[in-house]
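*Asks:* This is the structure I want to talk about, given as structure tokens.
What follows draws every value from the coordinates through simple rules; no lab data is involved. Source: prediction; values computed, not measured. Heads up, the Cβs are rebuilt from the backbone with ideal geometry, glycines too, and the neighbour counts pull from every protein chain shown.
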Amino acid sequence: MHKPKQVPQAWQSIALLVTGLMLAISIFLAESKLQQISKHATTIDVTESQDEVPEAIDLTATNSTSESQLAAMEGNSSLPAQISLYGAFGSRADAIDKAWISSLFQQAMTASQQGYRHTAIAIYQQITALKPNHQMAAINLGLLLKKDNRCKEAVSVLDHAFSISGVARKGKILALLGACYMEHKQYAEAAEYFRRSIEYRPSHALTWRRYAESLWRNGKDYGTVLSHFDKAIALSPSNPKPILLKARYQLCVLDFAGMLATLTDADNALNATKKAQREYLELLVWSYLEQGKRNAATKTLQKLFSATKNETQSRSKTVFWQAMKHYLDNKYQRSIRELQKLEPSLKNSPLMAAEKAYLLAKNYFQTRKYTKVLHVLSAIQSNTILDHRMELLTAKTYASMTEHQQALAELQELFRQPIYTADVAYQAALTAAELELDKQAGGYLQHALASQPENTDYQLAGTKFEQRFGSLSKALLSYQTLAKQYPNNRKILRHWAKALSDAHLADDAMELYQQLVEVNPEEQDLYELAGIQYLQGNYTSAIQTLTSLLEQNSGHISARFLLARSWCGLRNQNRCQQEAQRVLKLDQQHSGARQLLSVEQSNPEQFTM
Amino acid sequence: MSTFGFDSRWLSKFAFLVRLDLVLVVVFGVLFYLQMLQKPDLLKALLPEQVYSFSFSAFFEPDDGEINIHTYIPVNNAHQLRLHEETSNQLAWEINKDSTGRKVHWSGDNQATNVQYTVYVATQTDQYNIDEQLMIPDRYDESLESYLQESPVIQVNHPEIVTLWNSIKPANTHNTVAVLKTIYDYTYRQLESAPFKGTTDALTALRLGIASCNGKSRLFVALARLNNLPARLVGGVILDENTKRTSHQWVEVFIEDHWVPFGPTNGYFASLPAHYLRLYQGDQALIRHTSNINFDFQFDIKADIVPPAYYQDLTNIAVSETNLSVLLSDLGLSAKTISIILLLPACALLITFLRNVIGCKTFGIFMPMLIAAACLFSGLSKGLLSFLVLLSLAWLVHLILDKMRLLKTARLAIVVTCITVFFLLGLWLFDGKLKSEFGMLSVFPVVIIAFIAERIHQITSEQNWKECILTGIGTLVTVCLCYLTMNSVLLQGVFSLIPETYLLVFAAQIYIGRWSGLRISELFRFKSLLQGNSNQVLGINGRNRDYVYLQNEKKWLLLATDKLATKQSLARHQVPVPKTIAIFKNYSDLSRAGDILSRQNSMVLKPNAGSQGKGILVIRQRLDSIFLNAGGKRWSTDQLTQHIKEIINGTFSQNGEADTAYLEPVIQQHAQLQDIADFGLSDIRIIVSKGQPLCAMLRIPTKESSGKANLHQGAIGVAIDISTGITSGAQYKSRSVQVHPDTNAPLLDIQIPYWPQIVAMASRCYDAIPLGYLGVDICLDRTSGPLVLEVNGRPGLEIQNVRQRGFHEEFLTLRTSRHETATKAPAIVEGVASYA
């Protein structure tokens, strides 16, 4: 009988194995699929709140104290006669009785409120030794130690208080720690504590302000510091302190326009108190002054004097602002003399001393005594408030001394600081241009324009660079564009006219100067117009223009000399000589006038420009 | 014998068992079909559920007075369902409910330092569709008045908030959706998010332009109330697997009898995702506690996928009333325990498949399943790591105890004790840091480990490292697969809702149990034999099912393990066996031990129930009263007597019970075999089927096998032609060899002395011990000739590799031509008779 062919065993085994594996894989895949489409599938959030659980203290706690009570703690160190020390150091140390602890706490509070700080400290120390978890005792102890200038001890106490306290108090403790570090000028640590404090008390404006200040003093970048000041202001818009501090910060970091905006936007808050008003006006004066708005500065100074008329303030301040008045009135020598009166009395007020020195240096700068400027500035001790303005003035002084290399070095160093760099970049651009470093100049100017694209000075500088380093025709087009954009900007028109004149487009230049003098016949514009008219041989017009100028300023030597030449041009020898004589009266050494007279006397035809 | 491998007697008696597996499959099919007819959505119900374990733990220092702690705990509503909750008892507690939510309040003045609340919740995503035409009502019921009011932190009518609204309001400020979308857009998109930990009121959030969830929510509520929309804060926790301390807040706005949720922090408009757990409503503090107790807390959240049937309430589909998960859950069993119970049969099937089809070796047949069950509580990696650590410890203890030569039971008990103590020590040292559950089943491994360690110790003491490693790997793999099986939510769901699936499991187990094919591991083991006709090769399955179970009765198998009884039976049937000099059954026999020993110059002392050569002492010579063993060690009479005593005590017996010691003379190996290898006793293994010798091999020890004739330990197997007694091929470590690797003696074409006698002896062994499938081990003594050392009821299959040929079909051929065997037998028997 034919035997049926058997499947080899090996294949049977493999077939069974494969069947088992397939079954297992099917189950696995089905399982995975099912888990994916599980009925209650969830999605994962991209962000999640990190906030802590808000805890509330049970009403059985009797040792809480209000914020106002804490704030009211002031201290001196003399022992009170009427407070019994028995309860504080007494013989009941053995029993940690809750009522007794409560009583001790009350005693400590009373002692602190009455000014017996050391007694209060001792009692709190006893409480925390007996009951280490006593939150308020630990916090109050830390606060008093800080007030007692024992910050090192305060820090360890407050660290412990933080570990045992609930969410509600952690913010305050961190703020106290930050304050300790601020006092010790450890600004980085202070900033970190303030940052953490804000996480617990985001609505606490004071902490935001102190945080901003610590960031400032720690050299944080301008934008960050400013945003934190803004938050402090937003949280308490009627509080002048953060506004004034922000303005002072902006002054320090050379954002004078920003400073002005800060002060003018908040003038309601800043006029809330006399003190605030005074500081506001002082800062406003500086703001106008630094932006070259002397008239506004003068007016503000007047307001300051009116506001402080009936106030008692220090003699130094009075003298200082008087000196400022003289400075604004261009009476630099008088200003200097006033400031020199202040010398011995400012040793205990470094800020005042620095401001005085700075103003003194500005006076010297105006009177072109550059060496004295540098001497005064170098003698000022390092002061965060004024450092950067001093550096800027130093750079400007070097520039005025035509030591452009040195000036540029100063500006480059300043540029690396955490300040508002637009103005510095602008100054650096101008200085680099003087040194024919066109690329560097262009780079700095780009930076300035990036910060303030609407700043006409910057835009004008860009056009001037184009004229100087690039193409004159392009520069002229730029001037035209600028003039269209800012039709009332005389500076732009003036520069444009100058450029046209340099390009030998005298008619166009003349038209612009005429436009300028029609609006406001300023000396320089009249003089430039007259010059063009003279060169075009339009002596009559030149004479008319110069006559207008001299009516404003009869002592204008150049204008009078040009007038003399214009008369010469009209062959009116008498008037020519007359004017030349007047020139010599104003300036006996005027070679041009002398030459004019000698030529006229010999051969009027031989005179040339 | 049918091709299905069973005797016709069985067929007649149990005809219905012919294909029981098929019957079961058919029954399953019918039942399943009927169930599907009744419940067409049954398969949908297999989708697993996502549930969360949420735990709140509070830590504090005891105070002098009473401590009070309150916290909100979940309520049941459309969004979430509380499945199971428990509260710790360190402090007295009570649960209350009010308009803000459900709270647990602990209180007490004892020295407790922590409390805990745990809840198991199932949640779902809520999505609301608001009618675009819906207008904001002018009036509401009095009960909603409070949700329109201003508060110190929700400054509804503050000029800055009013100004803000005026700057962002939509064209139609009466349209509900338009207004809410505007508010939502502002608070979600324009307000930056910040990780503030403290409370932020609405005005601060507006002024800062940045806020955390509570600030954004408060501003949202303020703007909603400004527009006459009742709104309230809602608080809870986001359920992400984590240990954390953060909570979350969002908003609900009352629209047409619904409190519709909005999440301005994470961007949920009119929806609440499933992983948000709602705890309270209103501007509440989540936790309140007594002050000055150094209070701390944390949330622990775990997500889990559970089978759909586990929580009946969750299933919206009407499923089978038969729900095994619910049945077991009602008994108070935990989810993990239920899954173990439900899936044990599946694991057993898996193990059967791994052993019988793949050939995976493990320590203990079903022990890996128990280990996997324990790992279910602790986690697989933690469980396996602790298992390995404890196993290593147990093995070390075995190693130490081995030197003390303790009895087996006591030895195992000591190991169990050591492991338990170590386990407790570990718990004590890592108190609180171990976040593992230890269910009842975690205890079992302590016992399991003791047994496994003993097995490992046994293997390693034989220096069979390869087997140890392979078995270890097999165990590990099996544990992991069993763990995955027990963790399978799909299978849990299937067995819960479709219990007739167990019929399939039965059917599969029967099918595999009936299968006598080669295991996958045997495909590799016998790979050189499979190139021809693989059906020739006999595997373990075939050997056990088709031969051992059918032909070897249990009583004869038991007899074969008793060496003395075997010798006696063989001797009665004139089968030469080594002489027995003396037998020591109990202590009273020891009195003559000294006298007997003193009369021997050489001897072999053996335990009757020993294995693997344990307890065997070979004395080679005597010098006065000192005996020297094979290794040169000196033994006094007293020491030998002591050794006998230990044998009697059962120190070397397989089952640990009292044993019998006996003395035999040292076998002086035949010169021919001695020349091949003189450092051990070679033997001849003959496979006998129903008295008919089938095949034979010579097993020669090597240095590697430490003088033992054990192929697995490195001895050489030499095939012998059954009819001629001439060696034809030799295998050493799966390689063909022609000379002995240690002595270079040739191995092939050797005529085994006394071959006809040997064959006759082997045949007669069947008469003495009628095992239908028998392995006879014979040695050659130079004086006495061939002697049967022992018989084996389950002889190994390696002889096939040695012969380079399977013998499966030879068995079949043999059975069909028994009449030929009968005519050959007398010649062999005569040869034996003449020898005797």
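*Asks:* Would you mind counting up the charge near residue B:391? Only other residues with Cβ under 14 Å from its Cβ, with Lys and Arg at +1 and Asp and Glu at -1.
*Replies:* Taking every Cβ under 14 Å from that of residue B:391, the sum is 0.
*Asks:* Another question about this same structure. Just report the Cα centroid separation between the range A:471-495 and the range B:166-218, whole Å.
*Replies:* Centre-to-centre (Cα) distance: 47 Å.
*Asks:* Per residue of the range B:239-250, in order, report the coupling 6.51 cos²θ - 1.76 cosθ + 1.60 (Karplus, θ = phi - 60°) as ³J(HN,Hα) in whole Hz, putting x for Gly and Pro.
*Replies:* Residue by residue, the range B:239-250 yields 8, 10, 5, 5, 10, 8, 10, 9, 10, 8, 10, 9 Hz.
*Asks:* Counting only GluC sites (Glu not before Pro) that sit in a DSSP loop (anything but H, G, I, E, B) with at most 15 other Cβ atoms within 10 Å, what is the longest stretch of chain B containing none of them?
*Replies:* B:658-836
*Asks:* May I ask for the net charge around residue B:487, where only other residues with Cβ less than 12 Å from the Cβ of residue B:487 are counted and Lys, Arg are +1 while Asp, Glu are -1?
*Replies:* Charge balance near residue B:487 sits at -1.
*Asks:* Calculated FRET efficiency, residue B:100 and residue B:163, Cβ-Cβ r, R0 41 Å, to nearest 0.05?
*Replies:* 0.80
*Asks:* Read phi for every residue in the range B:340-350 and hand back ³J(HN,Hα) as whole Hz from Karplus 6.51 cos²θ - 1.76 cosθ + 1.60, θ = phi - 60°, with x for Gly and Pro.
*Replies:* Listing the rounded values in order: 5, 4, 5, 9, 4, x, 5, 5, 4, 4, 4 Hz.
*Asks:* A follow-up question, please. For n ≥ 4 DSSP H runs only, could you compute -39500 (n - 2.57) per run for the protein assembly as shown, divide by its residues and tell me the 222 nm figure to the nearest 500?
*Replies:* -16000 deg cm²/dmol
*Asks:* Taking 30 Å as R0, compute the FRET efficiency from the Cβ-Cβ separation of residue B:327 and residue B:23 and round it to 0.05.
*Replies:* That gives a FRET efficiency of 0.65.
*Asks:* Shifting gears a bit: What list of ³J(HN,Hα) couplings, whole Hz, do you get for the range B:557-573 from phi and the Karplus terms 6.51, -1.76, 1.60, once you set θ to phi - 60° and write x for glycine and proline?
*Replies:* Per residue, the Karplus-derived 3J(HN,Hα) values read 5, 5, 4, 4, 7, 8, 5, 5, 4, 4, 4, 5, 5, 5, 4, 5, 9 Hz.
*Asks:* What spacing in nm lies between the two simple spin-label points modelled at residue A:451 and residue A:227, each 7 Å away from Cα in the Cβ direction?
*Replies:* About 1.8 nm separates the two model spin labels.
*Asks:* Now for a different question. List the Cys residues of chain A that have no partner Cys with a C-beta closer than 4.7 Å.
*Replies:* Isolated Cys, chain A: A:252.
*Asks:* Moving on. Please report how far the C-alpha centroid of the range B:712-744 lies from that of the range A:278-319, rounded to the nearest whole angstrom.
*Replies:* The range B:712-744 and the range A:278-319 have Cα centres separated by 117 Å.
*Asks:* Something else about it: Quick one: net charge of residue A:301's neighbours, Cβ under 11 Å, K/R +1, D/E -1? Mind showing how you got there, number by number?
*Replies:* Working: positive: A:294, A:299, A:303, A:325; negative: A:282, A:329.
That sum, taken over residues with Cβ under 11 Å, equals +2.
*Asks:* Related question: Which value in nm describes the separation of the simple spin-label points at residue B:658 and residue B:514, placed 7 Å from the Cα toward the beta carbon?
*Replies:* A separation of 4.8 nm, rounded to one decimal place.
*Asks:* Further question on the same structure: List the residues of the range B:176-191 whose backbone N lies under 17 Å from a point placed 7 Å from the Cα of residue B:133 along the Cα-to-Cβ direction.
*Replies:* Answer for the range B:176-191: B:176-178.
*Asks:* By counting other Cβ atoms within 10 Å of each Cβ, how are A:278, B:218 ranked from fewest to most?
*Replies:* A:278, B:218
*Asks:* Considering only lysines 8 or more places apart in sequence, or on different chains, count the pairs in the range B:126-273 whose C-alpha atoms sit under 20 Å apart.
*Replies:* Numbers: B:169/B:181; B:169/B:216; B:181/B:216; B:197/B:216; B:197/B:244.
Eligible lysine pairs with Cα atoms under 20 Å apart amount to 5.
*Asks:* Please report how far the C-alpha centroid of the range B:64-130 lies from that of the range A:392-459, rounded to the nearest whole angstrom.
*Replies:* Using only Cα atoms, the two centres lie 67 Å from each other.
*Asks:* Okay, next question. Given points 7 Å out from each Cα along the Cα-Cβ axis, report the residue A:587 to residue B:428 separation in nanometres with one decimal.
*Replies:* Reported label-point gap for residue A:587 and residue B:428 is 10.7 nm.
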